[in-house]
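The next block holds one structure in the form of C-alpha cells; read it before the comments.
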Amino acid sequence: MESLPVGQAATATGWSPRMLRYLERAGLVVPARTDSGYRQYGLLELNQLRSLRELRACFGVELSDLAFAARLRLEPGLRDAVHTWLSGRESALEWEQRKHERLLAA
C-alpha cells in the first residue's frame with residue numbers, strides 16, 4: 001500500500017484533516033514527510049488512527065488524556081513526580097524540602 005496525503009488519510013479513517021494535524025502536534029500519530037514537507041500516512045499511521053478511535057470509544061479516553069500519557073512516557077521526571085503524588089508517599093516535610101531546594105537553585 002502506498003502512503004496517503006492528509007486529505008485522503010482523513011477520508012479513509014473518519015478523522016478531519018485538522019484533527020490529523022492536531023494529533024501530530026500532540027505526538028500521538030506522527031506521519032512521515034515528503035522531501036517537500038507534505039504529510040504521508042502509511043499503513044502504520046492509518047492503523048493507529050483507526051485504533052485510536054476504538055480506544056476512545058471503548059474506554060472514554062480523551063485525546064488530552066492520551067497526549068499526557070504519551071508525555072509521561074517521554075519525561076521521566078514528570079512520570080516520577082506524578083507517581084509520587086498519586087501514591088501519596090511524599091510527606092509534607094519532604095515536599096517543603098524539595099520546595100526550598102528549588103528556590104535555592106533558582
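Checked against the criterion of being more than 17 Å from residue 6 (Cα to Cα) and open to solvent by less than 60 Å² (accessible area, probe 1.4 Å), the candidates 92, 69, 57 yield just one match: 69.
Scanning the stretch 24-39 for residues that are over 13 Å from residue 50 (Cα atoms) and either outside any loop (DSSP other than H, G, I, E, B) or touching a residue at least 40 places away in the same chain (Cβ under 8 Å) (or both) yields 24, 25, 26, 27, 32, 33, 39. Residues that are farther than 11 Å from residue 3 by Cα and open to solvent by less than 40 Å² (accessible area, probe 1.4 Å) within the stretch 38-51 comprise just one, 49. Screening residue 64 with (1) at pLDDT 95 or above; (2) outside any loop (DSSP other than H, G, I, E, B) gives one miss only, at (1).
Applying the condition of being exposed (fewer than 12 other Cβ atoms within 10 Å of the Cβ) and more than 22 Å from residue 62 (Cα to Cα) to the stretch 1-37 and asking which residue is nearest to the chain's Cα centre (by Cα) yields 33. Test residue 104 against the criterion of being among the aliphatic types (A, V, I, L, M), open to solvent by 70 Å² or more (accessible area, probe 1.4 Å) and free of Cβ contacts under 8 Å to residues at least 40 places away in the same chain, and give yes or no. Considered against the rule, which asks whether it is among the aliphatic types (A, V, I, L, M), open to solvent by 70 Å² or more (accessible area, probe 1.4 Å) and free of Cβ contacts under 8 Å to residues at least 40 places away in the same chain, residue 104 comes out as yes.
The values are calculated or read from the model by the stated rules, or taken from the named source; none is laboratory data. None of these values were measured; they are calculated from a predicted model. Positions of Cβ are generated from backbone atoms using ideal geometry, with glycine treated the same way; all protein chains shown enter the neighbour counts. What goes into the accessible areas is simple: the full protein's heavy atoms, side chains included, and nothing from ligands, DNA or RNA. Shrake-Rupley method; radii C 1.70, N 1.55, O 1.52, S 1.80 Å.
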